[in-house]
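K.L.:
Take a look at this one; I'll ask things after.
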Amino acid sequence: MAFEDLYQEIILDHYRHPRNFADLSDVPDEEAHENPTCGDSVKLVVDVDEDGIVQSIRYNSRGCAISVASASLMSERLRGLTVAEALERVSTFMRILRGEEPEASLEDWGDLVALEGVAQYPLRVKCATLAWHALEDALRKAQSR
């Protein structure tokens, strides 16, 4: 199996079987992050313990395979980090997808490396970073408490 095929399988698996997907109907619609160019939408809740460690990232999303898979992959990969570490990862991920850092930087990020090719498609970058923007907002709120 070629690397491209493996990456495609990872994305499709997380799209078809999203991890940490949750019913967030209690979260106001005003808190949803949306990509108006394609209709992707995500609501996200982050649970941070008293020591500032991310215990869980739960989300509810509607959108394309890239958007849903990115949220799913992110929710698994950033759990267990401090808020500061998670914010740094969010920033780094967005810089990589915007082409401001080499894509090879994702090689140590586990299955998130499957999203490295998205940087080649500027319209898809918004899909891949939507949940990351939502997480950044949620982490900043948690940090200010």
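The values are calculated or read from the model by the stated rules, or taken from the named source; none is laboratory data. Keep in mind the model is a prediction, meaning the values are calculated, not measured. Glycine gets a Cβ as well: all are built from the backbone with ideal geometry, and neighbour counts include every protein chain shown.
K.L.:
Kindly check whether there is at least one residue in segment 80-90 that is in contact with an Asp or Glu (Cβ under 8 Å, 6 or more places away or on another chain), at pLDDT 95 or above and within 15 Å of L130 (Cβ to Cβ).
P.N.:
yes
K.L.:
Could you say whether any residue in segment 2-17 is in contact with a strand residue (DSSP E or B) (Cβ under 7 Å, 6 or more places away or on another chain) and either modelled with pLDDT of 95 or more or surrounded by 13 or more Cβ atoms within 10 Å (Cβ to Cβ) (or both)?
P.N.:
no
K.L.:
Taking A69 as the residue in question, decide whether it is over 12 Å from L135 (Cα atoms), modelled with pLDDT of 95 or more and in contact with a Lys or Arg (Cβ under 6 Å, 6 or more places away or on another chain).
P.N.:
So A69 does not fit the description; no.
K.L.:
Continuing with the same structure: If L123 meets every condition in (1) of a type outside the set (K, R); (2) out of contact with any helix residue (DSSP H, G or I) (no Cβ under 7 Å at 6 or more places or on another chain); (3) closer than 21 Å to I10 by Cα; (4) free of Cβ contacts under 8 Å to residues at least 12 places away in the same chain apart from one, which number is that one?
P.N.:
(4)
K.L.:
Got at least one residue in segment 92-109 being of a type in the set (G, A, S) and modelled with pLDDT of 95 or more?
P.N.:
No.
K.L.:
Take S70 and tell me if it is of a type outside the set (V, I, T), touching a Cys at 6+ places or on another chain (Cβ under 9 Å), surrounded by 15 or more Cβ atoms within 10 Å (Cβ to Cβ) and within 23 Å of L123 (Cβ to Cβ).
P.N.:
For S70, the condition - of a type outside the set (V, I, T), touching a Cys at 6+ places or on another chain (Cβ under 9 Å), surrounded by 15 or more Cβ atoms within 10 Å (Cβ to Cβ) and within 23 Å of L123 (Cβ to Cβ) - is met.
K.L.:
Within segment 77-89, is there a residue that is under 20 Å from A22 (Cα atoms) and in contact with a Lys or Arg (Cβ under 7 Å, 6 or more places away or on another chain)?
P.N.:
Checked segment 77-89: at least one residue is under 20 Å from A22 (Cα atoms) and in contact with a Lys or Arg (Cβ under 7 Å, 6 or more places away or on another chain).
K.L.:
So, in segment 103-130, exactly how many residues are more than 13 Å from the chain's Cα centre (by Cα), within 14 Å of R89 (Cα to Cα) and of a type in the set (S, T, Y)?
P.N.:
Within segment 103-130, residues that are more than 13 Å from the chain's Cα centre (by Cα), within 14 Å of R89 (Cα to Cα) and of a type in the set (S, T, Y) number 1.
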